Amino acid sequence: MSILEKITSEDAIALEDKYGAHNYHPLPVVLSKGEGVFVWDVEGKKYYDFLSAYSAVNQGHCHPKIVGAMVHQAQTLTLTSRAFYNDVLGTFEKYATETFKFDKLLPMNTGAEAVETALKLCRKWAYEKKGLPENKAQIIVCENNFHGRTTTIISFSNDPVARKNFGPYTEGFLKIEYDNLKALEEALETNSNIAGFLVEPIQGEAGVYVPSEGYLAGAKALCEKYNVLFIADEVQTGIARTGRLLATCGNCSCTDKHCSGTPEVKPDILILGKALSGGAYPVSAVLANDEIMGVIKPGNHGSTFGGNPIAAAVGIAALDVIKEEELAKNAFELGELFRTELGKFIERCTIVNAVRGKGLLNAILINDTEESSTAWDICMALKENGLLAKPTHCNIIRFAPPLVMTKDQLLDCVSIIIKTLQQFEK
């Protein structure tokens with residue numbers, strides 16, 4: 001079968017339904033082309049993309065610099081495994097570590113793999129550097145977290161859909177309330193076997209839940225007090241999405257040329273993925289300083305594709321685009337505009353309770369129960385009006401467009417969203 005054969009949306013959906021595992025519930029739109037902030041379906045209808053592949057496409061669809069780097073490297077050398085050196089990985093590692101101010105980078109492919117890597121790294125550090133008894137290390141996590149869907153990660157998830165009937169579960173995790181420093185301190189005080197604290201700077205899948213000001217700094221201070229590693233999962237929030245290079249950059253708006261991107265709350269272990277690839281090729285990474293990363297020795301961890309030449313070339317180009325096009329600054333400014341303009345409508349409407357977020361990672365809270373289909377119905381109506389978004393937690397709609405969006409495009413999208421919401425006013 002030729003991939004060049006034309007196919008209708010109905011046929012494409014039917015093929016996936018028949019031959020694919022039903023592990024997703026996509027919006028019924030079949031996309032065949034993307035450029036910048038836009039995507040087109042197989043019938044040629046054009047849409048604004050307001051999901052960005054869950055923030056993987058921060059640099060916009062098919063960015064020519066990223067695609068060019070990928071194609072050039074694919075025509076030169078694709079894979080060596082880590083049995084041999086390649087001539088691109090070291091350059092990528094140097095660039096990324098200098099960008100994010102860490103000593104070392106461990107390359108992987110997907111976000112979930114990077115989280116698993118960070119968990120292993122944290123545990124090994126705890127036994128070899130902190131001196132915890134073997135097999136006793138515990139890692140504190142937060143309720144309503146989302147770090148992936150591997151067996152280990154769903155062991156500390158409280159999402160019944162991701163968790164139920166996949167046991168037995170991995171032990172060694174202690175769950176506390178998100179955005180609650182008192183709960184964190186109590187857990188640290190009462191358990192001497194804590195190795196690390198794994199946290200999302202903003203809980204994306206939970207509905208773009210932004211913690212209280214000072215929460216991350218307070219959590220880092222507690223981790224330092226109790227000699228516990230602060231692990232930041234910035235797979236979704238990193239790479240300029242929240243209006244700063246990293247969400248842990250605190251109050252920095254990244255609008256100044258001299259901004260180095262140095263985190264105000266510097267994690268001991270930083271987890272990156274998604275937009276580290278510009279959406280072109282799976283790239284993820286774990287970064288840490290020598291004192292932590294030094295516990296990893298040959299044979300302890302690896303991946304055939306992790307650190308492959310294409311991934312390294314794509315990663316370099318993806319970071320170049322973020323810097324050259326000042327996408328953190330753009331995300332900061334457009335995010336402020338988005339929440340302001342949508343907030344004006346929300347003040348006088350009944351269908352939406354609030355808008356929240358940072359940069360261009362935002363969500364609206366639909367005035368209905370989690371059991372209702374209202375948010376899904378709104379997303380279906382948005383699709384008809386030329387904008388693609390998806391609900392999360394049933395009554396929340398996440399809005400995360402590519403960071404290359406212009407002010408005029410954003411205001412056009414706000415108009416589409418308001419027009420659509422007005423259709424659902426009671």
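The values are calculated or read from the model by the stated rules, or taken from the named source; none is laboratory data. As the structure is a prediction and not an experimental result, all values here were calculated from the model. Please note: Cβ atoms are built from the backbone with ideal geometry, for glycine as well, and neighbour counts cover all protein chains shown.
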Selected residue (criterion: nearest to the chain's Cα centre (by Cα)) from residues of the range 282-321 that are crowded, with 24+ Cβ neighbours inside 10 Å and in a loop (DSSP other than H, G, I, E, B): Val283
Residue within the range 32-50 that is touching a Pro at 6+ places or on another chain (Cβ under 9 Å), of a type in the set (Phe, Trp, Tyr) and either loosely packed, with under 14 Cβ neighbours inside 10 Å or farther than 30 Å from Leu387 by Cβ (or both) present: no
Selected residue (only one of Ala69, Ala96, Ala126 is among the small types (Gly, Ala, Ser), crowded, with 17+ Cβ neighbours inside 10 Å and under 20 Å from the mean Cα position of the chain (by Cα)): Ala96
Qualifying residue in the range 186-194 (condition: under 28 Å from Asn362 (Cα atoms) and surrounded by 16 or more Cβ atoms within 10 Å (Cβ to Cβ)): no
Residue within the range 119-133 that is in a loop (DSSP other than H, G, I, E, B) and touching a strand residue (DSSP E or B) at 6+ places or on another chain (Cβ under 9 Å) present: yes
Test: residue in the range 68-83 that is without any contact (Cβ under 8 Å) to a residue 24 or more places away in the chain and either part of a loop (DSSP other than H, G, I, E, B) or in contact with a Lys or Arg (Cβ under 9 Å, 6 or more places away or on another chain) (or both): yes
Pair list, Cβ < 8 Å and 6+ apart or interchain, from the range 32-60 residues that are not assigned by TED's automatic domain parsing to the domain that holds Gly204 and in a loop (DSSP other than H, G, I, E, B) to residues that are of a type outside the set (D, E, K, R) and modelled with pLDDT under 95: Val42/Ile7
Lone qualifier among Lys175, Lys136 - being more than 30 Å from Pro309 (Cα to Cα), of a type in the set (Lys, Arg) and part of a strand (DSSP E or B): Lys175
The range 195-227, subset acidic (Asp, Glu) and closer than 17 Å to Glu264 by Cα, residue surrounded by the most Cβ atoms within 10 Å (Cβ to Cβ): Glu200
Members of the range 85-118 found to be assigned to a helix (DSSP H, G or I) and β-branched (Val, Ile, Thr), listed by number: Thr91, Thr97, Thr99, Val115, Thr117
Among the candidates Tyr54, Tyr47, residue that is modelled with pLDDT of 95 or more, of a type in the set (Phe, Trp, Tyr) and on the phi > 0 side of the Ramachandran plot: Tyr54
